[in-house]
Amino acid sequence: MHHSDGETKFDVVIVGAGVSGIIAAQRYLQVHPGCHLAILEQDYCLGGRLYHSFWTQWTHGLAEFSDMPMDRPLEQDCSRDLFKAKYTTEYLEKYVDQVRYAGRSLRERIQFSIQVQSIEMIESKWRLKCTDSSKSSKVFFATTLMIASGEASRPNLPDLPGKETFGGVIVHSHVTVIGAGKSAADMAYEAVKAGKAVTWLIRKNWHRCWAAQTRIMSSLQPSVLNKETWWAWFLHRTNIGIRIVKWIFSLLDTEVRKRADNKERKSTKGFEKPEYDTDIFWQNSTGGAVHHDDFWPLVAENVWVYRDEVKILTNKELCLKDGSHFPCDAVLCGTVEADEKVTKIFPLLANPPVHFHAQIDTTPYRLYHSIAPLADSYFDKNMVLPSLEEQERDIATWIAWCQRRYLSNGELGNFAAFDSIPYVDRLLDDIGITAHREGWLRDTFTPFMP
């Protein structure tokens with residue numbers, strides 16, 4: 001219902017029209033088809049931070065909602081079962097058009113170019129003050145509010161002294177990529193393919209690997225998400241078990257370094273510098289799958305690599321703290337009591353290696369089991385939560401574990417690279433779903449694949 005003063009009232013408002021926001025809307029409307037629901041999206045299109053020429057980190061068969069299968073992308077746009085991100089966008093566009101409740105599609109419920117400025121609870125209603133694309137003010141009221149904007153909804157731009165006078169232009173030939181994650185790797189690769197002169201500035205260690213997820217592999221993780229069984233006790237609290245875990249991860253680490261071959265691969269541009277410092281077990285930086293067979297030789301032959309910090313940007317030049325400097329027309333940024341209990345359960349985490357430590361200026365996430373995926377059950381009071389004291393204790397343990405297990409990546413308490421299977425198991429257990437279980441043998445050893 002619309003009012004002349006510009007205020008709009010809804011039963012439910014969801015902030016964000018990315019993957020999470022879309023499925024949250026569908027799940028809620030599936031249970032409450034007559035609900036007056038709106039999705040507010042700050043961008044002009046849906047899908048969140050998806051870049052069409054980049055590649056996904058999710059596989060075909062796992063990159064779809066349960067109520068609408070996704071057609072397999074063209075083979076030239078696939079690397080094994082990974083694919084170009086544009087297919088996810090196309091799938092989401094099709095999904096919001098096809099899914100309908102009470103005669104209205106999901107697309108008809110999305111309001112684009114709406115930037116949320118503030119949120120406040122007033123007399124048991126949520127008030128959202130927003131601006132639209134013309135900077136006009138809009139106010140929304142909702143009985144129920146879901147935040148699905150995502151932690152990457154805003155770019156994490158590094159502080160680059162001199163950026164005001166840098167003078168870079170849109171049409172460029174000398175490109176500098178800053179960062180060591182998957183996005184930075186994609187940027188460097190695509191820039192070389194586009195015929196640009198590329199410099200890659202890496203400020204922290206990186207990982208590149210690919211491995212199938214199984215519950216047996218997940219059990220090797222010193223994770224608070226795994227249940228306390230005799231197997232977990234053996235692996236993580238006995239000397240023999242800890243040695244087995246270290247040995248298996250050392251095999252993985254050796255294989256990853258072998259494939260990159262930073263030290264032996266022929267290069268005159270500093271290709272030895274990207275080799276990461278902290279063993280892959282600790283996941284102290286972003287990791288990702290290599291989608292292109294020619295990625296490593298292409299980088300070794302064509303990309304100048306530096307390991308340093310930016311000192312200052314001058315007129316079309318980038319200067320590093322070690323005194324190095326080079327021409328640059330464009331900069332691309334691809335830049336993420338409880339403690340005692342954790343180390344007692346997982347002695348392997350008691351003494352982390354010397355590592356790069358990212359400075360975090362915000363407090364960690366404090367969500368019980370990251371409750372957002374269970375929003376429907378929670379709002380309908382079909383999910384019984386423990387006492388507030390138990391929730392606080394669980395959150396404190398989670399944050400302490402996350403920070404010890406994943407070092408800098410775990411500082412915010414929202415990183416679990418090797419723990420996706422036990423995390424999903426926990427969420428489904430919370431709402432009593434068991435249909436995904438297929439017996440202990442298949443549950444333990446079957447990879448989660450398409």
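The values are calculated or read from the model by the stated rules, or taken from the named source; none is laboratory data. Bear in mind that the values here come from a model prediction, so they are computed numbers and not experimental data. Every residue, glycine as well, gets a Cβ built from its backbone with ideal geometry; the counts of neighbours run over all protein chains shown.
For the range 335-346, does any single residue satisfy the condition of being modelled with pLDDT under 85 and within 30 Å of Pro161 (Cα to Cα)? So far as the range 335-346 goes, yes, one or more of its residues are modelled with pLDDT under 85 and within 30 Å of Pro161 (Cα to Cα).
Of everything in the range 273-310 that's charged (D, E, K, R) and closer than 19 Å to Ile178 by Cβ, which residue is surrounded by the most Cβ atoms within 10 Å (Cβ to Cβ)? Write out each step before concluding.
Within the range 273-310, the first condition is being charged (D, E, K, R), and the residues that meet it are 273, 275, 277, 279, 293-294, 301, 307-309.
Narrowing further to those that are closer than 19 Å to Ile178 by Cβ: 273, 275, 277, 307-309.
Values: Lys273: 15, Glu275: 16, Asp277: 15, Arg307: 19, Asp308: 15, Glu309: 13.
Checked the range 273-310; the qualifying residue surrounded by the most Cβ atoms within 10 Å (Cβ to Cβ) is Arg307.
For the range 51-70, the tally of residues that are loosely packed, with under 13 Cβ neighbours inside 10 Å and at pLDDT 80 or above stands at 4. For the range 11-44, a residue qualifies if it is crowded, with 19+ Cβ neighbours inside 10 Å, out of contact with any Asp or Glu (no Cβ under 8 Å at 6 or more places or on another chain) and in a strand (DSSP E or B), and the qualifying residues are Val12, Val13, Ile14, Val15, Ala38, Ile39, Leu40. Among the residues of the range 76-101, those that are modelled with pLDDT under 90 and either of a type in the set (Gly, Ala, Ser) or over 23 Å from the mean Cα position of the chain (by Cα) (or both) comprise Gln76, Ser79, Ala85. Considering only residues in the range 225-268 that are over 20 Å from Asp293 (Cβ atoms) and part of a loop (DSSP other than H, G, I, E, B), the one that is modelled with the highest pLDDT turns out to be Thr238.
Does the range 285-297 include one or more residues that are more than 21 Å from Val354 (Cα to Cα), in a strand (DSSP E or B) and assigned by TED's automatic domain parsing to the domain that holds Ala188?
Here is the first cut: in the range 285-297, the residues more than 21 Å from Val354 (Cα to Cα) are 288-297.
Subsequent filtering for residues that are in a strand (DSSP E or B) retains 288.
Cutting the leftovers down to assigned by TED's automatic domain parsing to the domain that holds Ala188 gives us 288.
Yes, there is a match, as at least one residue in the range 285-297 is more than 21 Å from Val354 (Cα to Cα), in a strand (DSSP E or B) and assigned by TED's automatic domain parsing to the domain that holds Ala188.
Which one is farthest from the chain's Cα centre (by Cα) among residues in the range 387-407 that are among the hydrophobic types (A, V, I, L, M, F, W, C) and more than 20 Å from Ala180 (Cβ to Cβ)? Explain how you work it out, then say what you get.
We begin by selecting, within the range 387-407, every residue among the hydrophobic types (A, V, I, L, M, F, W, C); these are 388, 395-396, 398-402, 407.
Still in the list and also more than 20 Å from Ala180 (Cβ to Cβ): 388, 395-396, 398-402.
On the way: Leu388: 28, Ile395: 20, Ala396: 22, Trp398: 18, Ile399: 17, Ala400: 20, Trp401: 19, Cys402: 15 Å.
Checked the range 387-407; the qualifying residue farthest from the chain's Cα centre (by Cα) is Leu388.
Here Lys94 fulfils each of the conditions (1) among the basic types (Lys, Arg); (2) out of contact with any helix residue (DSSP H, G or I) (no Cβ under 7 Å at 6 or more places or on another chain); (3) within 23 Å of Val290 (Cα to Cα) apart from (3).
When Ser105 is tested against the conditions (1) among the small types (Gly, Ala, Ser); (2) under 24 Å from the mean Cα position of the chain (by Cα); (3) modelled with pLDDT of 95 or more, the lone failure is (2). Scanning the range 298-317 for residues that are assigned to a strand (DSSP E or B), within 16 Å of Lys196 (Cα to Cα) and not charged (D, E, K, R) returns Val303, Trp304, Val305.
Considering the range 408-444, the residues that are charged (D, E, K, R) and crowded, with 16+ Cβ neighbours inside 10 Å include one that is farthest from the chain's Cα centre (by Cα), namely Asp430.
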